[in-house]
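Please read the structure below before turning to the comments.
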Amino acid sequence: MERVRLGRSSLEVTRLGLGTAPLGGLFEPVSDSDAEATIATAWSHGVRFFDTAPLYGFGLAEQRLGAFLRKQPRDNYVLSTKVGRLLRPDVGAPREDPHYKGTPPLRPRFDYSYDGVMRSVEESLVRLGLDRIDILLVHDPDDHYDEAVAGAFRALQRLRDDGSIKAIGAGMNQSEMLARFADAAPVDCFLLAGRYTLLDQGALTTLFPICTRKNIAILLGGIYNSGILANPHGQAKFNYEDADASLVARARALDALCKQHGIALKAAAIQFCLAHPAVTIGLQGARTAQEAADNIAMAHAPIPAAWWRPRRATPRIDAHAPLPGEAR
């Protein structure tokens, strides 16, 4: 699999990565054996970048990913996890979380302080069972900008300066605050989820130009917008919630357009994202070995070059064009 440099860091990464939120039981529970088979399949297809977080399954994803990676040569892969949430027992929490299923009796607590981040890193290393992490990302600091700048990024910069980690950044479902962090903190990369897809190009105007100019790598997650671009005909999800009717209609129109020309919607979705020069890694989540293999196949499926060209007579995916029958 193709490898590229991660922004201005010293890391080399594969163009495709495995995101592990589904392996933490996102929307439905996943067994340990299915999680292991999923990671093993991604590995067998050449994936060597793996992203996780304490939030994903309240520690489950980190534990499952670490159980597999401990068996591999440590210098053969790049691992990222996140800070900003500490996992603690919560006797008052509902037995089942609205998003993560089959999880341990822990719940995340926001903590973007310097000391909280240092504790988070130590606890992640224990769950992973590894001696180091390559990339640390400040996770979802939407309502904690000042604390993230004063505390979390200061801690991450110290860890990078002393050689404990190789790269730092933030992971969010919005692009506006990431653009602010690009000026406020010495970041190497951002994980952007769901804001540059066939259905949403919110990152194009501000974030991508800034990152291109500053050589900040984009790790792109949420390529299928929580599932609607993988299958818009079932119980479609968008941004982790049930998709509204207008989004479902858009996704189904895209799917129909793809089918007319023998192209899978998932192939168009992933290859559209990877085609942008600001995008370094396409992160694809999977909960089964078959999903992992299918996602990787979609990233390499043949798509006629003419499909992408903005010609009136040629069907194409155009980020700025309306769908058939839709007003601009």
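Of the residues in segment 158-209, how many are assigned to a helix (DSSP H, G or I) and of a type outside the set (D, E, K, R)? Residues meeting the conditions: 10. The listed residues are LEU191, LEU220, LEU204, and the only one of them that is in contact with a helix residue (DSSP H, G or I) (Cβ under 8 Å, 6 or more places away or on another chain) and in contact (Cβ under 8 Å) with a residue 60 or more places away in the chain turns out to be LEU220. Looking across segment 229-246, just one residue is assigned to a loop (DSSP other than H, G, I, E, B), open to solvent by 40 Å² or more (accessible area, probe 1.4 Å) and of a type in the set (A, V, I, L, M, F, W, C), and that is ALA230. Of all residues assigned to segment 59-78, at least one qualifies as being of a type in the set (Phe, Trp, Tyr), assigned to a loop (DSSP other than H, G, I, E, B), open to solvent by less than 20 Å² (accessible area, probe 1.4 Å) and on the phi < 0 side of the Ramachandran plot. Are any of the residues in segment 52-71 touching an Asp or Glu at 6+ places or on another chain (Cβ under 8 Å), touching a residue at least 40 places away in the same chain (Cβ under 8 Å) and of a type in the set (Phe, Trp, Tyr)? Among the residues of segment 52-71, at least one is touching an Asp or Glu at 6+ places or on another chain (Cβ under 8 Å), touching a residue at least 40 places away in the same chain (Cβ under 8 Å) and of a type in the set (Phe, Trp, Tyr), which makes the answer yes. Of all residues in segment 140-166, those that are over 14 Å from PHE110 (Cα atoms) and of a type in the set (Val, Ile, Thr) have Cβ atoms under 7 Å from Cβ atoms of residues that are open to solvent by less than 60 Å² (accessible area, probe 1.4 Å) and not in a helix (DSSP H, G or I), 6 or more apart or on another chain, in VAL149/ALA185; ILE165/ILE133; ILE165/ASP134; ILE165/ILE135; ILE165/LEU136.
Contact annotation: residue pairs with Cβ atoms under 9 Å, 6 or more positions apart or on different chains, pairing a residue in segment 89-101 that is in a strand (DSSP E or B) with a partner that is charged (D, E, K, R) and open to solvent by less than 90 Å² (accessible area, probe 1.4 Å), are PRO89/ARG107.
Within segment 247-267, the set of residues being surrounded by fewer than 20 Cβ atoms within 10 Å (Cβ to Cβ) and free of Cβ contacts under 8 Å to residues at least 12 places away in the same chain comprises ALA249, ALA256, LYS259, GLY262. Scanning segment 103-139 for residues that are in contact (Cβ under 8 Å) with a residue 60 or more places away in the chain, farther than 16 Å from LYS166 by Cα and of a type in the set (D, E, K, R) yields GLU123, ARG127. Among the residues of segment 36-49, is any under 16 Å from ILE135 (Cα atoms), in contact with an Asp or Glu (Cβ under 8 Å, 6 or more places away or on another chain) and either open to solvent by 40 Å² or more (accessible area, probe 1.4 Å) or part of a loop (DSSP other than H, G, I, E, B) (or both)? Checking segment 36-49: not a single residue is under 16 Å from ILE135 (Cα atoms), in contact with an Asp or Glu (Cβ under 8 Å, 6 or more places away or on another chain) and either open to solvent by 40 Å² or more (accessible area, probe 1.4 Å) or part of a loop (DSSP other than H, G, I, E, B) (or both). Going through (1) assigned to a helix (DSSP H, G or I); (2) touching a Ser or Thr at 6+ places or on another chain (Cβ under 7 Å) one by one, THR212 falls short only on (2).
Tell me yes or no: at least one residue of segment 205-212 is over 20 Å from SER9 (Cα atoms) and surrounded by 24 or more Cβ atoms within 10 Å (Cβ to Cβ). The answer is no; no qualifying residue exists. Selection over segment 12-35 of residues that are outside any strand (DSSP E or B) and either buried (at least 23 other Cβ atoms within 10 Å of the Cβ) or touching a residue at least 40 places away in the same chain (Cβ under 8 Å) (or both) gives a count of 13.
Quick test for you: out of ILE270, ILE296, ILE218, pick the one residue that is under 20 Å from THR20 (Cα atoms), open to solvent by less than 30 Å² (accessible area, probe 1.4 Å), in a strand (DSSP E or B) and at pLDDT 90 or above. Within the list ILE270, ILE296, ILE218, the selection yields ILE218. Among the conditions (1) in a loop (DSSP other than H, G, I, E, B); (2) in contact with a Phe, Trp or Tyr (Cβ under 9 Å, 6 or more places away or on another chain); (3) under 25 Å from ARG287 (Cβ atoms), ASP143 misses just one, which is (3).
The values are calculated or read from the model by the stated rules, or taken from the named source; none is laboratory data. Owing to the predicted nature of the structure, the values given are computational and were not obtained by experimental measurement. Here Cβ is always computed from backbone atoms with ideal geometry, including for glycine, and neighbour counts include all displayed protein chains. For accessibility, only protein heavy atoms count, side chains too; no ligands or nucleic acids. Shrake-Rupley method; radii C 1.70, N 1.55, O 1.52, S 1.80 Å.
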